[in-house]
Amino acid sequence: MSDPGNQDAIVIGAGVAGLAAAVALADAGATVTVLERRPYIGGRAYSYEHPALSETIDSQHVVLGCCTNILDLCRQAGMSDTIRWYDELTFLEPGGRRSLLRPGNLPAPAHQAISFLRAPMLSLRDKVAIASGLARFLHGYPANDTESFASWLSRTGQTQRAIRHFWEPVVVGALNDGFERCSVKYAGKVFHESFLRSAPAGRLGIPAAPLSEFFAPIAELARRKGVAINLKSGVEGIEQTSEKNWLVKAGGEVYTTSSVILATDFRQTKNLLAGLKSSIGRNTTLNEDFDKFIPAPITTVHLWYDGDVVDIDHAVLLDTRIQWMFAKSRIRRWAAERGSYLELVISASWSELEMGREQILTSALQELELFFPAAKTAKLVKSGVLKEARATFSVIPGLDRFRPNQTTEWPGLYLAGDWTATEWPSTMEGAVRSGRLAAGALMGNPDRFMSPEAPAQGLMRWLSRQ
Ligand SMILES: Cc1cc2nc3c(=O)[nH]c(=O)nc-3n(C[C@H](O)[C@H](O)[C@H](O)COP(=O)(O)OP(=O)(O)OC[C@H]3O[C@@H](n4cnc5c(N)ncnc54)[C@H](O)[C@@H]3O)c2cc1C
């Protein structure tokens, strides 16, 4: 058995948070080992070879221009070119009517105003309600997360169509749960950052490669900086020694280190901390706090056709179970003879968790044909359904109180993961922020590795407080 020896830091978990922490620590000169239980990096942001389909599939992840930390990490790893950027959002109604939201010549926050006023999916009354609602997020979003977005919608007099055609696709798509289980704070953050702050902050970025391939350069960057990434190394327990060192047990090995960053999801973190609590006999309320986190599901439907079915790279689909259509063959610039590959995303897919795959597929195909009639005549070559039961956590009202800081009560032990206190919802940006905050805390300055926020532009330079 090899002796891993003393490490400056061990990062447990090679998801986006763990990788971000490892790169930051290595940049600061630390010796870092990452222990990951799975045979691949990326955590929930992964792709895999589907055995029956003989295709590599993933659940489409997107970023926005305001996700400055993950974009900085991508730039460091030299992978910015693998993100396809879009300024325009297309909203589609059944029957095919299109509404486009795109920046024009007016300064922020009015940069999308012309296209918004022209959008046929909304009546004038809906638009007035939306504009007055958005105006409430001009200066920022509430610091307090106790109010639900459901309560906000009724308090601000939003019309049914404004809800169905604007607030719902954006909020459910971004926060992955119903209005009752999303706080105004995080919904407001989405609108402030991506619709009002500036045109660049609201740009939509779509990885143009399967996620594991997309994230591989970050692992390579970490390795170039001297980080050891040990896959298939599930950590069974951590223990604090009397010398204030840490023992980390993984795959029959015991690693000794002065610092540990636990970059695992909340369920795994709870398990690992539970062992720690009994080993050192400390009291913590963290254990109960973990039970406040609700995992929320996302289901994706993957369709391969023998020819063209759609004429756009992506679209928000209105009045359906499907939130978003991604034409992956177009985003990845496939040659025409390869046919087309679409992914349909069903956010907050609680009901789909109970449904069989055939049922989900049949219903998704019927809905898709309402928007893209060519799907009726094209030959469906193969299809797959991917259910992710624990895709994100819901930013339920009042959750902030239970999201732990990256610094813990145990010297030398830090937490990372999208669910820790980051001021972001469950996203890759939140994950990178958490990893960088944990690495910064370990080095004595939590903000040391953080990227600056996306600058406000136009009138927002004076209006925005955030
Ligand atoms: C279907 C889907 C769609 C999504 N869409 C988007 C999107 O469009 N945009 C966006 O920004 N985000 C999206 N997300 C959310 C995003 O994937 C997560 O927020 C982010 O990846 C979380 O990263 P993390 O490192 O905090 O956690 P994780 O990815 O959960 O990483 C934790 C890692 O720890 C490892 N681990 C756990 N226990 C142990 C142990 N005992 N020992 C060793 N290793 C361990 C796990 O294997 C895992 O690799 C989506 C997620 C899903 C599933």
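The values are calculated or read from the model by the stated rules, or taken from the named source; none is laboratory data. Since we're looking at a predicted model, the values are computed, not measured. Every residue, glycine among them, receives a Cβ derived from its backbone with ideal geometry; neighbour counts consider all protein chains shown. Remember, those area values only see protein heavy atoms, side chains included, never the ligands or the DNA or RNA. Shrake-Rupley method; radii C 1.70, N 1.55, O 1.52, S 1.80 Å.
Taking A24 as the residue in question, decide whether it is within 16 Å of the ligand (Cβ to nearest atom), at negative phi, in contact with an Asp or Glu (Cβ under 6 Å, 6 or more places away or on another chain) and in contact (Cβ under 8 Å) with a residue 40 or more places away in the chain. Steps first, please.
Values: within 16 Å of the ligand (Cβ to nearest atom): yes; at negative phi: yes; in contact with an Asp or Glu (Cβ under 6 Å, 6 or more places away or on another chain): no; in contact (Cβ under 8 Å) with a residue 40 or more places away in the chain: yes.
Criteria not met by A24.
Quick one: S351 ticks every box in (1) crowded, with 20+ Cβ neighbours inside 10 Å; (2) over 18 Å from T90 (Cβ atoms) bar one, so which box is it?
(1)
Can you pull out every residue in the stretch 291-313 that is farther than 24 Å from A389 by Cα and part of a strand (DSSP E or B)? Don't jump to the end; show me each part of the working.
We begin by selecting, within the stretch 291-313, every residue farther than 24 Å from A389 by Cα; these are 305-313.
Listed by number, the list holds a single entry, Y305.
Considering only residues that are within 11 Å of the ligand (Cβ to nearest atom) and open to solvent by less than 20 Å² (accessible area, probe 1.4 Å), look in the stretch 29-40 and name the one that is farthest from W85 (Cα to Cα). Walk me through how you get there before you give the answer.
At the first step, the residues of the stretch 29-40 found to be within 11 Å of the ligand (Cβ to nearest atom) are 34-40.
Then keep just the ones that are open to solvent by less than 20 Å² (accessible area, probe 1.4 Å); that gives 34-36.
Working: V34: 31, L35: 33, E36: 31 Å.
The extreme case among them is L35.
Scan the stretch 240-252 for residues that are open to solvent by 60 Å² or more (accessible area, probe 1.4 Å) and over 17 Å from V34 (Cα atoms) and jot them down.
S242, E243, K244
Out of everything in the stretch 395-418 that is among the charged types (D, E, K, R) and modelled with pLDDT of 95 or more, what residue ends up being nearest to the ligand (Cβ to nearest atom)?
First pass over the stretch 395-418, keeping only residues among the charged types (D, E, K, R): 400-401, 403, 409, 418.
Filter once more, keeping what is modelled with pLDDT of 95 or more: 400-401, 403, 418.
On the way: D400: 17, R401: 20, R403: 12, D418: 4 Å.
It comes out as D418.
Only one of (1) under 29 Å from V227 (Cα atoms); (2) away from the ligand (no atom under 14 Å from the Cβ); (3) assigned to a strand (DSSP E or B) is not met by T392, so which one is it?
Looking at each condition in turn, T392 falls short on (2).
Mind counting the residues in the stretch 69-91 that are closer than 18 Å to S198 by Cα and either aromatic (F, W, Y) or surrounded by fewer than 20 Cβ atoms within 10 Å (Cβ to Cβ) (or both)? Full working, then the answer.
Initially, the stretch 69-91 is screened for residues closer than 18 Å to S198 by Cα, giving 69, 71, 85-89.
Applying the additional criterion that residues be either aromatic (F, W, Y) or surrounded by fewer than 20 Cβ atoms within 10 Å (Cβ to Cβ) (or both) yields 85-88.
Of the residues in that region, 4 qualify.
Which of the residues that make up the stretch 426-466 are farther than 12 Å from N69 by Cα, open to solvent by less than 60 Å² (accessible area, probe 1.4 Å), assigned to a helix (DSSP H, G or I) and not aliphatic (A, V, I, L, M)?
G440
Table: residues versus (1) closer than 30 Å to T269 by Cβ; (2) among the hydroxyl-bearing types (S, T, Y); (3) at pLDDT 95 or above; (4) under 22 Å from the mean Cα position of the chain (by Cα).
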| site | (1), (2), (3), (4) |
| --- | --- |
| N6 | yes, no, no, no |
| G13 | yes, no, yes, yes |
| L19 | yes, no, yes, yes |
| S59 | yes, yes, yes, yes |
| R84 | no, no, yes, yes |
| D87 | no, no, yes, yes |
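Would you mention how many residues in the stretch 253-290 are open to solvent by 20 Å² or more (accessible area, probe 1.4 Å) and at pLDDT below 90?
First, pick out the residues of the stretch 253-290 that are open to solvent by 20 Å² or more (accessible area, probe 1.4 Å): 253-254, 256, 258, 264-268, 270-271, 274-275, 277-289.
Subset that is at pLDDT below 90: 274-275, 277-289.
Looking only at that region, the number is 15.
Name the helices (runs of 4 or more DSSP H) wholly inside the stretch 140-191 in which the number of residues that are in contact (Cβ under 8 Å) with a residue 60 or more places away in the chain and out of contact with any helix residue (DSSP H, G or I) (no Cβ under 6 Å at 6 or more places or on another chain) is 1 or more. Quick ask: steps written out before the conclusion?
Numbers: elements: 149-155, 168-175, 184-191.
Counting at least 1 such residues, we get 168-175, 184-191.
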